[in-house]
Amino acid sequence: FGVALIMLMFGFPVAFTFGGVALFFGIFAEGMDLFAFMPYRIMSVMQNTVLMAVPLFIFMGVVLQRTKLAEQLLTSMGRLFGGLPGGLAISTILVGALLAASTGVVGASVVAMGLISLPVMQRYRYDQSVAAGTIAAAGTLAQIVPPSLVLIVMADQLGVSVGDMYLGAVWPALIIVGVYCAYIAILTVVRPKAVPALPPEERRL
């Protein structure tokens with residue numbers, strides 16, 4: 001793990017870093033016998049029907065990003081809540097939850113919201129740390145809001161039903177979204193200049 005972190009810090013691609021480090025230490029620990037087990041492992045992964053959902057979720061996130069549906073959703077939510085102090089941050093959190101539920105991919109959510117909402121927040125003098133923190137926090141909701149890629153993989157590894165994992169994650173996800181929104185609401189009282197409302201001309205269709 002430490003070697004993988006060091007290689008990532010030097011700028012090596014993630015896929016080659018993890019694959020190369022795993023292969024190196026696998027040969028170091030097991031010798032050439034490692035390659036005798038690889039075909040069985042590959043076949044077991046290919047026959048796993050639960051993991052078929054992973055590439056489909058990633059594809060759905062890419063579709064939302066490329067077709068600019070996520071951008072339109074965030075723009076509409078910003079106009080809906082923009083009149084409230086902190087409304088743009090709250091809309092970012094809600095859109096992050098919706099994108100998390102529809103894609104399950106952290107990268108797609110963070111990239112979409114970072115490209116769309118961060119310039120708007122900066123333009124209307126949102127505090128830099130609040131804007132960046134809101135986007136980062138909303139993007140990580142894809143890990144917990146069902147359906148989630150992480151929950152699919154965990155269900156497969158733990159040998160439990162994916163449906164049960166989703167049912168168990170619903171309330172924690174709603175609580176996290178509520179806590180995020182409550183934090184922004186508290187900021188509007190404690191630091192109103194950090195989360196200003198949008199001017200009326202920016203809320204017109």
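The values are calculated or read from the model by the stated rules, or taken from the named source; none is laboratory data. Note that the structure is a prediction, hence the values are computed from the model and not measured. Note: ideal-geometry Cβ built from the backbone for every residue, glycine included; neighbour counts use all protein chains shown. For the accessible areas, the whole protein counts, side chains as well, though only heavy atoms, and no ligand, DNA or RNA atoms are used. Shrake-Rupley method; radii C 1.70, N 1.55, O 1.52, S 1.80 Å.
General observations
- Every pair of residues 6+ apart whose Cβ atoms lie under 8 Å, when the first sits in the stretch 29-46 and is under 17 Å from Gln157 (Cα atoms) while the second is of a type outside the set (Gly, Ala, Ser): Val45/Leu51
- Phe16 fulfils the conditions (1) of a type outside the set (A, V, I, L, M); (2) on the phi > 0 side of the Ramachandran plot; (3) under 31 Å from the mean Cα position of the chain (by Cα) except for a single criterion, (2).
- Qualifying positions in the stretch 54-105 - at pLDDT below 75, within 20 Å of Cys181 (Cβ to Cβ) and either out of contact with any Leu (no Cβ under 8 Å at 6 or more places or on another chain) or hydroxyl-bearing (Ser, Thr, Tyr) (or both): Leu74, Thr75, Ala101, Ser102
- Test: residue in the stretch 48-61 that is of a type in the set (Gly, Ala, Ser), within 28 Å of Trp171 (Cβ to Cβ) and free of Cβ contacts under 8 Å to residues at least 40 places away in the same chain: no
- Flag for Phe18 being open to solvent by 100 Å² or more (accessible area, probe 1.4 Å), touching a residue at least 12 places away in the same chain (Cβ under 8 Å), aromatic (Phe, Trp, Tyr) and part of a helix (DSSP H, G or I): yes
- When the residues of the stretch 110-133 are filtered to those that are part of a loop (DSSP other than H, G, I, E, B) and charged (D, E, K, R), the one that is surrounded by the most Cβ atoms within 10 Å (Cβ to Cβ) is Asp127.
- Between Met7, Met32, Met43, the distinction of being touching a helix residue (DSSP H, G or I) at 6+ places or on another chain (Cβ under 7 Å) and either modelled with pLDDT of 75 or more or part of a helix (DSSP H, G or I) (or both) belongs to Met7 only.
- Identity of the residue in the stretch 157-184, out of contact with any helix residue (DSSP H, G or I) (no Cβ under 8 Å at 6 or more places or on another chain) and of a type in the set (Gly, Ala, Ser), that ends up surrounded by the fewest Cβ atoms within 10 Å (Cβ to Cβ): Gly159
- Looking only at the stretch 134-156, residues that are at pLDDT 80 or above, open to solvent by 40 Å² or more (accessible area, probe 1.4 Å) and part of a helix (DSSP H, G or I) come to 3 in all.
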